[in-house]
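Worksheet: one structure, shown below.
The values are calculated or read from the model by the stated rules, or taken from the named source; none is laboratory data. Just so it is clear, the structure is predicted and the values come from calculations on it, not from any experiment. Quick reminder, even Gly has a Cβ in these numbers, built from the backbone with ideal geometry, and neighbours come from all protein chains shown. With ligands, DNA and RNA removed, areas are computed over all heavy atoms of the protein, side chains included. Shrake-Rupley method; radii C 1.70, N 1.55, O 1.52, S 1.80 Å.
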Amino acid sequence: MTINILFRGPQERNDCWQALFADALPDVAWHHWPKITDKAAIELMIVWKLPRDYQQDYPNLKAIFSVGAGVDQLDLATVPEHIQVIRMLDPGIAKGMSEFIAMHVLNIHRDTFAYINANKSATWQQIPTIENQQRRVGIFGLGHLGQVAAESLLQLGFSVNGWSRSAKKISNVNCFHSDDRLHTFLSQSDILVCLLPLTDQTRGILNHETLSQLPKGASVINVGRGEQLVAQDLLALLDEQHLEYAVLDVFDIEPLPEAHSFWQHPRVLVTPHIAAITQNDSAGKMLVENVQRYLDQQPMRGIVDRSLGY
Ligand code: GLV
């Protein structure tokens with residue numbers, strides 16, 4: 001049975017995924033947006049952002065696959081209930097994310113940012129170090145990416161705490177869940193790593209009230225979404241010396257405007273949303289596997305729970 005898939009994204013990725021599908025599932029008819037002759041034939045769509053009026057234009061759409069780990073850009077409230085939404089569980093994203101987190105936890109732990117600043121004034125000053133197990137890293141959001149990151153931090157010898165909405169059990173991770181335990185989790189996180197999905201509950205969650213519950217001298221890494229962070233609250237806590245460093249990869253406006261105070265702040269590192277990039281090869285294989293599951297009428301991997309928003 002032929003199944004029609006529409007991909008909306010760059011040519012290079014299109015060519016890679018089209019070839020993978022041609023090889024593994026020759027019955028797939030692949031289309032690269034916007035070149036589509038019969039929109040009514042499209043059953044599956046692989047996108048970052050949805051085309052305008054897709055509900056009317058693609059009446060037989062059954063599933064939407066996000067090319068990224070996040071699905072907040074799809075505006076789930078507007079997606080009809082009968083259409084499944086699937087987030088990308090690319091092992092390449094997980095590897096990139098855990099690498100980025102481990103790198104910056106180590107940078108904070110070993111005072112790299114202080115040495116970069118000291119270099120600017122040729123200042124030779126040694127900062128005392130502490131043992132890795134004395135540094136408590138708090139992973140805010142223990143989904144797939146949070147669990148992979150926790151594993152790599154444990155391998156580096158850090159103490160790892162984690163917080164999630166519902167209860168999780170992960171070996172060697174001190175797991176907290178629910179709003180009741182949020183204060184305890186925050187008060188024990190020397191480095192807070194935000195990996196939460198963006199939902200109505202997490203918008204603005206990194207604010208003065210929560211960030212001031214971190215221990216004095218704590219640092220923050222935000223690899224979730226920019227809308228989760230209240231920028232002025234973070235800046236105030238950095239300037240009051242309550243917080244030490246912030247590594248920010250995501251912003252409510254991207255690219256981050258040139259005039260934003262984050263760029264010039266001596267204890268903030270801005271990176272341009274590169275913590276974890278979807279890898280064409282591994283993500284393409286994941287898509288092939290999921291489409292095979294769809295064809296076999298098996299549950300796909302990464303189905304979004306619409307009531308939770310992730
Ligand atoms: C990127 O932020 C993604 O959602 O993969």
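Some observations on this one:
- Across Lys95/Lys169; Lys49/Lys285; Lys62/Lys95; Lys49/Lys168, pairs whose alpha-carbon gap is larger than 26 Å: Lys62/Lys95; Lys49/Lys168
- Measuring only protein heavy atoms, the 1.4 Å probe finds Asp239 accessible over about 100 Å².
- 16 Å cut-off, amide nitrogen to a point 7 angstrom out along His208 Cα→Cβ, residues in region 241-258: 241-243
- Whole-percent carbon and sulfur share, accessible surface of region 136-250, 1.4 Å: 46
- Partners of Lys35 within straight-line reach, counting aspartates and glutamates whose Cα lies under 18 Å from its Cα and excluding those fewer than 8 residues away in the same chain: Glu12, Asp15, Glu43, Asp53, Asp57.
- Stretch gain in nm, segment Gln134-Asp296, where the contour uses 0.36 nm per residue and the Cα spacing is subtracted: 53.4 nm
- Rounded FRET efficiency, nearest 0.05, which uses the C-beta distance separating Asn117 from Asp179 and R0 of 35 Å: 0.40
- Sequence-ordered 3J(HN,Hα) estimates for region 264-280 from the Karplus curve with 6.51, -1.76 and 1.60 and θ = phi - 60° stand at 9, 5, x, 10, 10, 10, 9, 10, x, 6, 10, 3, 9, 9, 4, 9, 3 Hz, glycine and proline given as x.
- Signed unit charges on C-beta, dipole axis of region 191-288, positive-most listed residue Leu248, Gly284, Ile205: Gly284
- Within the chain: Cβ-based charge dipole about Cα centre, in debye rounded to nearest 20 (Lys, Arg +1; Asp, Glu -1): 420
- Surface per residue (accessible, 1.4 Å probe) for the chain, Å²: 49
- Trp30, Trp17, Trp124, Trp48, reordered so the largest accessible area comes first (probe 1.4 Å): Trp124, Trp48, Trp30, Trp17
- The residues His82, His109, sorted by heavy-atom accessible surface at 1.4 Å with ligands and nucleic acids left out, run His82, His109 from largest to smallest.
- Across region 94-102, computed HN-Hα scalar couplings (Karplus, 6.51 cos²θ - 1.76 cosθ + 1.60, θ = phi - 60°) run 4, 5, x, 5, 5, 5, 4, 5, 4 Hz from first to last residue, x flagging Gly and Pro.
- Dipole of region 91-270 [Lys/Arg +1, Asp/Glu -1 at C-beta], most positive-end residue of Gln188, Ala150, Trp163: Ala150
- Across the protein chains, with a 1.4 Å probe defining accessible surface, the residues Lys120, Lys285 rank Lys120, Lys285 from largest area downward.
- DSSP bridge pairs, the chain: antiparallel proportion in percent, nearest 5: 0
- Backbone N within region 220-250 under 16 Å of label point (7 Å from Thr271 Cα along the Cβ vector): 220-226, 245-250
- The chain: C-alpha pair distances exceeding 25 Å, %: 53
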